[in-house]
Amino acid sequence: MASVVLLDIQRMSSEDGPGLRTTAFLKGCPLNCPWCHNPESISFKPQVLWHGTRCIGCAGCVKVCPLHGIELKPGGLERSSACIGCFACCEECPAGAHEGKGHETEVKALARQLVKDRAYWGKDGGVTLSGGEALMQEGMVDLLCILKFAGVHTALDTCGFVPAARLERALAYTDLVLYDLKLADPVEHKELTGVSNAVILDNLKTVAAWAVKGGRLWIRTPIIPGATDSAANISGIAAILNALPEGAVERWELCAFNNLCGAKYKSLGLSWAYEGIPLMEKAMLEALVALAEQTDCCPNIRWTGAAQRTADSTS
Ligand code: SF4
Ligand code: SF4
C-alpha cells in the first residue's frame with residue numbers, strides 16, 4: 001500500500017468541518033500563495049524548522065549534518081539550501097531546537113493512528129484531510145477509502161488544483177468537501193498563487209455535481225488584505241457559485257486573514273510578505289458577508305477566524 005508524506009496531525013480541531021475532528025496535514029501544495037499560514041506545507045520535500053530561543057549553542061547539529069550544511073553565526077543558525085531533510089540535526093539536538101516536518105508514513109499506519117481519536121468525535125466529528133494539498137498525494141484515495149469503510153466521517157480540504165481523475169475517485173469516499181476559492185479573476189489568480197483558476201473551476205463543477213447527489217460542499221475564501229478582500233472579488237466568486245446547480249453549496253466561509261504564522265516563516269529562514277499586517281476589522285468582514293448575502297448564492301454565509309479587537313467587539 002502507498003505511503004504519504006505527513007506534515008502534522010492536529011487533534012480536537014473545531015474549524016475543519018462539523019464537530020470535533022482530527023485533521024491530518026499532508027506536505028506539498030501546487031499553489032504558492034504569499035499569505036499561506038502553513039509555509040512548511042508548501043514544499044513537497046521534508047524541511048526543518050529551527051526554534052532559536054531553544055538553542056543552547058552546543059554545536060551538536062553542526063557536527064552531525066552529513067552535508068556540513070549548518071553554521072552557527074552570531075545572528076542565529078544558517079542551514080544550507082541543499083538540506084536533504086535527513087533529520088539528523090533533529091535527532092542530535094538536546095534542546096528540541098530543530099523540528100523536522102514531512103515524515104513518510106504508510107497509509108494503513110496513518111489510518112490506524114487517526115482512528116484512535118474516535119472517542120472524542122461524537123456524532124458529528126471525524127477526520128479531515130488537509131495540507132498543503134492532500135490530493136497531490138496518490139495515497140490519499142486509499143486513506144479515504146480505509147476511513148470510510150471504518151465508519152469515519154471524512155472531510156477533504158482542497159485547493160481544487162488537483163488531478164481530476166483522482167478527485168473523482170476521492171469523492172466516492174468523502175462526506176464533505178471544503179473547497180477553496182480564492183480569486184475569481186484568472187489573471188489575478190495566476191499572479192498571486194502561481195496558477196490560473198481554470199482547473200479549479202472545472203473541478204468545482206465535478207464536486208458540485210457530486211454534492212447535489214448527496215455529498216456536502218462548503219466553499220472557503222481566505223480574506224487577505226489587498227489580495228482577496230475586494231468587493232469585486234467577493235461578487236465574482238458569488239457569480240461562480242450562482243452558476244453551480246441549485247443547492248450544491250451548503251455554506252460559504254470567508255476566512256479572516258490570520259497573522260500568527262510570522263514565527264513559522266522565521267523558523268524556516270524565510271521572510272513573510274504579510275509581516276506586521278494587522279488582523280482585519282470586524283466591520284469589514286461583516287460588510288463582505290452582507291455583500292455576499294445579497295447575491296443569494298448560498299444559504300449560509302459567515303466569516304470565520306479572528307478580527308481586530310475594538311471597543312464594541314469581542315471577536
Ligand atoms: S536535515 Fe540533515 S541535511 Fe538538513 S540540515 Fe539537518 S542534518 Fe543537515
Ligand atoms: S544541536 Fe540544538 S542546541 Fe545544539 S547548537 Fe544545534 S540547534 Fe543549538
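The values are calculated or read from the model by the stated rules, or taken from the named source; none is laboratory data. All figures in this text were calculated on a predicted structure; none of them were measured in a lab. Ideal geometry is used to build each Cβ from the backbone, glycine not excepted, and the neighbour counts take in all protein chains shown.
Among the residues of the range 203-226, write down those that are surrounded by fewer than 22 Cβ atoms within 10 Å (Cβ to Cβ) and within 18 Å of ALA283 (Cα to Cα).
Selection gives PRO225, GLY226.
Suppose we keep only residues that are part of a strand (DSSP E or B), in contact with a strand residue (DSSP E or B) (Cβ under 6 Å, 6 or more places away or on another chain) and more than 8 Å from ligand 1 (Cβ to nearest atom) within the range 61-97. Which one would you say is farthest from ALA263 (Cα to Cα)?
GLU71
Working carefully through the options GLY131, GLY100, find the one that is surrounded by 15 or more Cβ atoms within 10 Å (Cβ to Cβ), away from ligand 2 (no atom under 16 Å from the Cβ) and within 19 Å of CYS29 (Cβ to Cβ). Spell out how you get there, then give the answer.
Working: GLY100 fails: away from ligand 2 (no atom under 16 Å from the Cβ).
Answer to the check: GLY131.
Name the residues in the range 11-47 that are aliphatic (A, V, I, L, M) and either in contact with an Asp or Glu (Cβ under 7 Å, 6 or more places away or on another chain) or farther than 28 Å from CYS89 by Cβ (or both), would you?
Step one: filter the range 11-47 for residues aliphatic (A, V, I, L, M), giving 12, 20, 24, 26, 31, 42.
Listed by number, the residues that qualify are MET12, LEU20, LEU31.
So the check is Cβ under 6 Å with 6+ separation or different chains; which pairs have a first residue in the range 82-102 that's closer than 9 Å to LEU49 by Cα and a second one that's assigned to a loop (DSSP other than H, G, I, E, B) and near ligand 1 (Cβ under 10 Å from one of its atoms)?
Hits for this filter: GLY100/PHE87.
Quick one: in the range 49-58, which of the residues that are part of a loop (DSSP other than H, G, I, E, B) and under 16 Å from LEU268 (Cα atoms) is nearest to ligand 2 (Cβ to nearest atom)?
That would be CYS55.
Restricting attention to the range 161-172, report how many residues are without any contact (Cβ under 8 Å) to a residue 40 or more places away in the chain, within 13 Å of GLY214 (Cβ to Cβ) and either among the charged types (D, E, K, R) or crowded, with 19+ Cβ neighbours inside 10 Å (or both).
0
Being crowded, with 17+ Cβ neighbours inside 10 Å, part of a loop (DSSP other than H, G, I, E, B) and not hydrophobic (A, V, I, L, M, F, W, C) is the filter here; which residues of the range 259-280 pass it?
Hits for the range 259-280 are ASN259, TYR274.
Return the residues of the range 207-228 that are part of a loop (DSSP other than H, G, I, E, B) and touching a Leu at 6+ places or on another chain (Cβ under 9 Å); say none if nothing qualifies.
Scanning the range 207-228 gives GLY215, ILE224, ALA227, THR228.
Determine if the range 22-34 includes at least one residue that is on the phi > 0 side of the Ramachandran plot, buried (at least 20 other Cβ atoms within 10 Å of the Cβ), more than 16 Å from ligand 2 (Cβ to nearest atom) and assigned to a loop (DSSP other than H, G, I, E, B).
no
Mind checking which residues of the range 59-74 are without any contact (Cβ under 8 Å) to a residue 24 or more places away in the chain and within 14 Å of ligand 2 (Cβ to nearest atom)?
Passing the criteria: ALA59, VAL62, HIS68, GLY69, ILE70, GLU71, LEU72, LYS73, PRO74.
Pairs under 7 Å by beta carbon, first residue surrounded by 15 or more Cβ atoms within 10 Å (Cβ to Cβ) in the range 230-244, partner aromatic (Phe, Trp, Tyr), six or more apart or different chains?
LEU241/TRP252
Please determine whether any residue of the range 36-48 is within 16 Å of ligand 2 (Cβ to nearest atom) and touching a strand residue (DSSP E or B) at 6+ places or on another chain (Cβ under 7 Å).
Within the range 36-48 (the criterion being within 16 Å of ligand 2 (Cβ to nearest atom) and touching a strand residue (DSSP E or B) at 6+ places or on another chain (Cβ under 7 Å)), the answer is yes, since at least one residue qualifies.
Which residue pairs have Cβ atoms under 9 Å apart, sit 6 or more places apart or on different chains, and have a first residue in the range 1-16 that is farther than 19 Å from LYS116 by Cβ and a second that is of a type in the set (Phe, Trp, Tyr)?
Hits for this filter: VAL5/PHE44.
Can you find even one residue in the range 22-35 that is assigned by TED's automatic domain parsing to the domain that holds TRP121 and either over 28 Å from VAL195 (Cβ atoms) or at pLDDT below 95 (or both)?
Yes - at least one qualifying residue is present in the range 22-35.
Taking THR105 as meeting all but one of (1) within 15 Å of ligand 2 (Cβ to nearest atom); (2) in contact with a strand residue (DSSP E or B) (Cβ under 7 Å, 6 or more places away or on another chain), write down the number of the exception.
Checking THR105 against (1) within 15 Å of ligand 2 (Cβ to nearest atom); (2) in contact with a strand residue (DSSP E or B) (Cβ under 7 Å, 6 or more places away or on another chain), the one that fails is (1).
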